[in-house]
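Bear in mind that the values in this text are calculations on the coordinates, not laboratory data. All of these numbers come straight from a predicted model, not from anything done at the bench. Here the Cβ positions follow ideal geometry from the backbone for every residue, glycine too, while neighbour counts run over all protein chains shown.
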Amino acid sequence: MVRLPGPLNRIHPARAARLFTSRLRSPQLTSRLGVLLGAAVAVCFLTGYLSHAIQHPPAWFYWPSRPVGLYRVTQGLHVATGLAAVPLLAAKLWSVYPKLFRWPPFRDAAHAVERLSLFLLVASALFQITTGLLNIALWYSPMSFFFTTAHYWTAWILAGSLLIHLGVKLPVVRRALSAPQRPAATAGMSRRGLLTAVGAAAAAITAATVGQTLRPLAGLSVLGPRDPQIGPQGLPVNKSAAAAGVTAAAADPGYRLEVTGPAGTLRLSLADLAAMPQHTAVLPIACVEGWSATATWTGVPIRELAAAVGAAPGASVRVTSLEQDSPYRISTLPPPHAADPLTLLALRVNGQQLHPDHGYPCRIIAPNRPGVLQTKWVARIEVLP
Amino acid sequence: MTRTPTALPASIVWSRRLLIAAGVTGAGYGAAGLLTDTSVSLPHYFRYTAAVLLGHDLIVLPAAIAAGAVLTRRLPGWAKPPVQGALLVTATLTVVALPLLLGYGRRPDDPSALPRDYHRGYLVCLAAVWLVTAAVLAVRARRRTASDPEENQ
C-alpha cells in the first residue's frame, strides 16, 4: 500500500513517487482496468449521445417510436454503467497514482503535452462521474452551472482525451495484455483479487440502485434515488405542479386546449376531450435520470387530434405546456411518434383522473421517448407544416 | 516506454495516429462547445472541476490509501486480501450513497424524490458487504488450519 512517511525530508518531490510501495501496481493491472473502464465510457458516451440527439435531433438523426421501451433501456444503461464505473475509475486512478508525483514532471515538450491530455482525461472523468451522481440525487447546488450542457460537452472532452490516451499508451497496453500472466509479488491482494473486488463493488452498487428502473429489483435497491412504485398514483414525478407554477392554471374550469392545424383551430374543454373516443396504452415513463415506471394511460390519440385539424400524413406536432419558465415548456413529436397510435393526449393514468403532478388536465405520453419530452399540463397542440 | 515508435509495426503506428487525431478532434469539439455555450457558466464550471480534481488527487485518494494501510496493517497475510477488497467496496459504495445520505435533493412538494430511508439502506449494504467478508475470512481460516497446521503454532 503505502509506507507512511518517516522523517519529513523523505517528502521531497524527487522521492514522493517512491513512497508508494504496493507491488500490485503494474501496466498489466492498469491495462486490464483501462479496458473495462474504456468499455464503460464507450457505453455511457453512446447512450448519452443518443439521449442528447433525441432531445436535440440533428438533421440526419432518426429515432423510431418502437420498441416502446427502447429509451428506457438505453438511458437505464447510461446511468447504471456510470454508477458501476465508480469503482473502476477509483481503482484505475489508484493504480497510476504514484505517476502523478513523477519528478521532474516532464521530460520534453511531447511529454508535457501528453501529461496535459492526462489532466484533461482525469478531470473530465471525475467531472462526468460526480455530476452524474449529483444529478440523479437531485442535488444541484454544488453545480452552479447548467448540468445538461456541461455534462454533454464534457462527455466529448472525456471521449476525446480517452482516445488520445489510448493512442499514446497503445504499445504499453499491447505489451501488458499479451505478456505471460505472472502473479504480482504482493503482501496482500493479488491482481485477480483486486479485479474481483472491483467487480464486487460494481455488482453491489448496481444491485443497490438498478431497481429504480427494473421494478422487480425495487425491493433490493435500497440506494435507488427513485422507487418506481412511489409517487402520486403510484408513479414517480420529476416536477410537481407547484414547482412548475401551474397549480392555478391547471385547475381553472375555463381551461381550453387549443388544437391548431391547416384546417383551422379547435378549442376543447376537458369534457370535450373526455367525450372523444378514448384509447388505452401501457407505456413507461423513462426519465433521463435513469429511473422508469410503467403505467396504464387513457386518452385521445394525438394522430386523431391532428387529423381533426387537417394534418397531412408524416407531419410533426408541437406541444406547448401551461408551464411558463422551463426549457422543456415546448416539445416536438417527430413524425414516427406523432403518427403512432400509442401516442396519447392522456387524461387518466391507472384508471384515475391525472393527478396535478402528473399533468392534469392532460399530458403527452408517447412510446420510446425521454420523460422530459412527455409534456405535462398541455395548453396547445400545433400541427407543423 | 512509449518512445520507440520506429520499432513498431506500421499498423500500430497508424492506429496510434488515428486514435490521437480522432481524440484531438473530439476533445477539441467538446472544448469549443463548452467555451461558446452560454448556458454553461464557465467560472463555476472551472471552479467545480478544480475542486473535484484536487479533492480527489490530494484528499480523497491519499486518505483512502492511508486508511487502507492503517486498517490492514496488523492483519495476518491470509486475512489481508478479503479485508482490502471489502474496504474498496465500502469506499466506493460510500461515494455513491453520500449524496443520498445527505439528502439535499429531497423536496417538500415531491414525495417521489429520494423516497427511501437511505441511512438504513446504507447500513444494510455495509452489513451485507462485511458479512460476506466475514464468511470469506472464516473459510480462509478453516482452510488454513486444515492444510497447514504447522504455520499456526
Give me the extension gain from B:Ala50 to B:Trp78: residue separation times 0.36 nm, minus the current Cα-Cα distance, reported in nm with one decimal.
6.1 nm
Rounded to the nearest 10 degrees, the helix B:118-147 long axis (Cα) sits at an angle to the longest Cα principal axis of chain B of 50
Please label the shape of region A:234-383 as rounded, prolate or oblate, based on the square roots a ≥ b ≥ c of the eigenvalues of the alpha-carbon gyration tensor (a/c under 1.5 means rounded; beyond that, a/b larger than b/c means prolate, else oblate).
rounded
For region A:349-366 and region A:57-85, compute the distance between their C-alpha centroids and round to whole Å.
24
Assign unit charges at the C-beta atoms only (+1 for Lys and Arg, -1 for Asp and Glu), then state the dipole size of the protein assembly as shown relative to its Cα centre in Debye, rounded to the nearest 20.
2560
Per residue of B:76-83, how many C-beta atoms from partner chains lie within 10 Å of its own C-beta, taken as a mean?
3
Farthest towards the positive end of the dipole of the protein assembly as shown, among A:Ile381, A:Gly69, A:Leu158 and with Cβ unit charges of +1 on Lys and Arg and -1 on Asp and Glu, lies the Cα of A:Leu158
Using eta = 0.890 mPa s and T = 25 °C, Stokes-Einstein with Kirkwood Rh from Cα pairs puts D for chain A, in µm² s⁻¹, at 103
The answer for chymotrypsin sites (Phe, Trp or Tyr not before Pro) in region A:10-101 that fall in a DSSP coil and have at most 16 neighbouring Cβ atoms within 10 Å is A:Trp60, A:Phe61, A:Tyr62
Calculate for chain B the 222 nm mean residue ellipticity that helices alone would give, adding -39,500 (n - 2.57) per DSSP H run of length 4 or more and normalising by residue count, nearest 500 deg cm²/dmol.
-24000 deg cm²/dmol
Reference-scaled alpha-carbon Rg (2.2 N^0.38 Å with N residues) for region B:75-153
1.62
Between the residues A:Pro57, B:Ser41, A:Ala248, the Cα farthest towards the positive end of the dipole of the protein assembly as shown, that dipole coming from +1 and -1 charges on the beta-carbon of Lys, Arg, Asp and Glu, is from B:Ser41
What nm distance separates the two modelled labels at A:Ile330 and B:Ile59, each placed 7 Å from Cα along Cα→Cβ?
4.3
Please report the projected area of chain B's Cα convex hull averaged over all directions, in nm².
17.6
A:Val35/B:Thr25 FRET efficiency (R0 25 Å; Cβ-Cβ; nearest 0.05):
0.65
Once the dipole of region A:263-353 is set up with Lys and Arg at +1 and Asp and Glu at -1 on Cβ about the Cα centre, which of A:Gly264, A:Thr280, A:Trp291 lies farthest towards its positive end?
A:Gly264
Cα centroid separation - region B:48-73 against region A:178-220, whole Å:
20
Chain B, dipole about Cα centre (Lys/Arg Cβ +1, Asp/Glu Cβ -1), debye to the nearest 20:
340
Trypsin sites (Lys or Arg not before Pro) within region A:222-297, DSSP loop, no more than 16 other Cβ atoms inside 10 Å:
A:Arg256
